[in-house]
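Asks: Okay, here's the structure, questions in a sec.
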Amino acid sequence: MSLTAEINKRRTFAIIAHPDAGKTTLTEKLLLFGGAIQTAGAVKSNKIDTATKSDWMEIEKQRGISVATSVMGFEYKGIKINLLDTPGHQDFAEDTYRTLTAVDSVIMVIDCVKGVEIQTEKLMEVCRMRNTPVICFINKLDREGRDPYDLLDEVESKLGIKVRPLSWPIGMGKGFKGVYNLYEKKLNLFTPSQRKLSDDRQVFENLDDPQLDSLIGPANAIQLREDVDLIEGVYPDFVIQDYLDAKIAPVFFGSAVNNFGVNEMLDTFIQIAPIPQTRDTDLRKVAPEESKFSGFVFKIHANMDPNHRNRIAFLRICSGKFERNKPYNHVRGPKPLRFSNVTQFMAQEKEIIDEAFPGDIVGLYDTGNLKIGDSLTEGENLVFTGIPSFSPEIFREVVNKDAMKTKQLEKGLKQLMEEGVAQLFTFEMGARKVVGTVGQLQFEVIQFRLKNEYNATVEFHPMNLYKACWISCSDKKQLDEFVRSKNRYIARDKDDKLVFMAESKSWLQMVQDNYPEIEFHFTSEF
Ligand code: G4P
């Protein structure tokens with residue numbers, strides 16, 4: 001098959017949602033449709049139960065689950081679908097943000113009872129930053145939820161994106177009768193079933209057909225006709241390009257647990273979702289059709305076995321053909337790298353593969369050469385951009401409790417940071433080390449893993465910090481002057497970039513006002 005045919009065949013996306021909206025359930029149904037699993041219940045939730053939050057075995061189990069379900073590949077109607085999993089726990093938000101750099105589109109699940117929740121808003125911000133096309137799936141229509149029009153308004157106002165329903169619910173909760181597919185003009189009637197994967201839809205080109213009244217009852221039929229008239233009148237025609245340009249989000253309604261409306265969405269998804277896209281680098285744009293291979297690492301997973309330091313690096317292929325055992329340019333590193341152990345995740349099974357194409361995600365066994373954001377190419381020294389670190393929200397000072405194990409601590413911290421577990425900042429003054437995270441849980445994970453894998457003992461002491469801001473200035477003299485005068489608050493990140501550690505929001509504002517020539521950035525890429 002030609003490279004272009006391989007590219008056109010692929011769709012790489014992630015499902016994102018506020019915890020409990022139905023991400024795991026929807027994932028499972030998609031895998032059922034794709035024939036990747038045979039029974040419901042095969043996909044484990046990657047949520048960490050808050051009750052077992054500080055149970056180490058739970059965290060380790062979670063790491064195990066998330067390796068197994070990091071990427072789920074399956075074929076559906078001739079399309080190779082790569083579905084990337086995102087962590088369910090909000091403390092791992094940074095991991096989710098990075099996963100979103102490796103996809104070409106997103107399906108966002110919203111609970112029809114709860115509407116748009118906080119985590120959904122945050123995730124949508126990341127999609128907006130990257131102009132990622134989004135499809136919304138409004139879930140749990142078998143429950144008495146909010147009015148569909150209100151939900152659409154809320155998506156528009158809270159998520160800041162225009163919507164266009166492509167399916168419409170007939171009733172809700174106990175009175176839920178089905179969904180009408182506005183895109184294909186097909187009616188799908190609801191029979192609650194967690195197992196049924198039927199495709200027996202009735203086609204209604206003309207909603208005035210009196211048969212509709214007998215199928216869903218006269219009241220529902222009248223309501224549906226009114227709704228469809230209203231939607232077609234109020235919403236502009238659906239233009240695929242507007243979705244691909246992230247200007248409009250198509251919306252589907254359904255009930256994932258009952259397998260309802262999922263088929264509608266999946267069939268439309270494979271028709272409209274973007275194929276692997278062109279990507280930005282520090283030198284130029286890289287198109288997937290380019291014959292030479294390139295890709296970047298967006299996730300690193302430590303081996304579960306502490307006796308082996310092997311890690312799995314997840315590589316998104318951006319252009320050309322990736323081949324096993326071929327030496328590739330490790331752009332940041334000193335020497336070319338070749339990989340003999342290359343895995344892909346098809347139908348929940350890991351399998352060794354010889355080649356992969358743009359849009360694919362492969363797992364590379366690595367002994368410590370790779371870190372998040374690294375680019376691999378077939379020669380060129382280009383670096384893929386758009387994989388930034390975000391300012392953490394919680395900061396703690398690392399205190400070494402065993403001076404004999406300083407080296408192990410340094411090594412452990414370095415490796416955990418390369419995995420992206422958290423961010424490390426080292427103050428210019430006194431070389432104090434500060435770990436920044438987006439959630440409390442990471443501190444427990446780091447402490448545990450340092451002890452377990454590196455035999456280093458640390459404590460974390462609270463620090464009064466509000467944000468880490470990457471700083472820059474077009475005038476080097478002014479930047480040097482700022483660094484000198486604010487020396488106590490200046491630190492370096494893992495890449496040696498200058499960071500201003502602000503203690504409070506108001507103080508940061510004051511410093512910004514006093515030094516208008518200095519630019520303060522909340523992500524490491526600017
Ligand atoms: P998440 O990954 O987004 O966190 O959500 P998950 O799929 O685990 O779903 C959260 C809960 O919502 C689960 O119930 C799940 O069964 C339920 N759910 C998912 N889709 C639907 C739907 O369409 N309708 C209804 N009524 N419920 C739905 P649970 O009680 O937490 O777990 P379980 O014991 O049912 O598995």
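Asks: Quick one: would you say residue 380 is touching a Phe, Trp or Tyr at 6+ places or on another chain (Cβ under 9 Å) and open to solvent by 60 Å² or more (accessible area, probe 1.4 Å)?
Replies: So residue 380 does not fit the description; no.
Asks: Filter the range 179-238 down to the residues that are at pLDDT 85 or above, β-branched (Val, Ile, Thr) and touching a strand residue (DSSP E or B) at 6+ places or on another chain (Cβ under 7 Å), then identify the one that is surrounded by the most Cβ atoms within 10 Å (Cβ to Cβ).
Replies: 179
Asks: Scan the range 47-70 and give yes if some residue there is modelled with pLDDT of 75 or more, β-branched (Val, Ile, Thr) and open to solvent by less than 50 Å² (accessible area, probe 1.4 Å), otherwise no.
Replies: The answer is no; no qualifying residue exists.
Asks: Another one. Taking into account only those residues within the range 113-160 that are surrounded by 19 or more Cβ atoms within 10 Å (Cβ to Cβ) and β-branched (Val, Ile, Thr), which is farthest from the ligand (Cβ to nearest atom)?
Replies: Filtering first and then ranking leaves 132.
Asks: Just one of (1) over 23 Å from residue 522 (Cα atoms); (2) open to solvent by 10 Å² or more (accessible area, probe 1.4 Å); (3) part of a strand (DSSP E or B) trips up residue 407, so point out which.
Replies: (3)
Asks: Oh, and also: Search the range 15-29 for residues being within 10 Å of residue 108 (Cα to Cα) and more than 6 Å from the ligand (Cβ to nearest atom), and hand back the single one that is most open to solvent (accessible area, probe 1.4 Å).
Replies: 18
Asks: Given the options 245, 267, name the one that is open to solvent by 30 Å² or more (accessible area, probe 1.4 Å), out of contact with any Ser or Thr (no Cβ under 7 Å at 6 or more places or on another chain), among the charged types (D, E, K, R) and closer than 29 Å to residue 133 by Cα.
Replies: 245 is the lone residue from the list that is open to solvent by 30 Å² or more (accessible area, probe 1.4 Å), out of contact with any Ser or Thr (no Cβ under 7 Å at 6 or more places or on another chain), among the charged types (D, E, K, R) and closer than 29 Å to residue 133 by Cα.
Asks: List the number of the failed condition for residue 506; all other conditions in (1) without any contact (Cβ under 8 Å) to a residue 12 or more places away in the chain; (2) surrounded by 14 or more Cβ atoms within 10 Å (Cβ to Cβ) hold.
Replies: Of the numbered conditions (1) without any contact (Cβ under 8 Å) to a residue 12 or more places away in the chain; (2) surrounded by 14 or more Cβ atoms within 10 Å (Cβ to Cβ), the odd one out for residue 506 is (2).
Asks: Would you check which residues across the range 85-105 are more than 14 Å from the ligand (Cβ to nearest atom) and within 18 Å of residue 27 (Cβ to Cβ) and list them?
Replies: Result: 95, 99, 100, 102, 103, 104, 105.
Asks: Checking the condition touching a Leu at 6+ places or on another chain (Cβ under 6 Å) and open to solvent by 30 Å² or more (accessible area, probe 1.4 Å), which residue from 452, 464, 400 passes?
Replies: On inspection, the qualifying residue turns out to be 400.
Asks: Anything in the range 161-179 that is of a type in the set (Lys, Arg) and away from the ligand (no atom under 16 Å from the Cβ)? List them, or say none.
Replies: Scanning the range 161-179 gives 162, 164.
The values are calculated or read from the model by the stated rules, or taken from the named source; none is laboratory data. Bear in mind that the values here come from a model prediction, so they are computed numbers and not experimental data. Using ideal geometry, Cβ is built from the backbone for each residue, glycine included, and neighbour counts are taken over all protein chains shown. We work out accessible area using only protein heavy atoms, side chains counted, and drop any ligands, DNA or RNA first. Shrake-Rupley method; radii C 1.70, N 1.55, O 1.52, S 1.80 Å.
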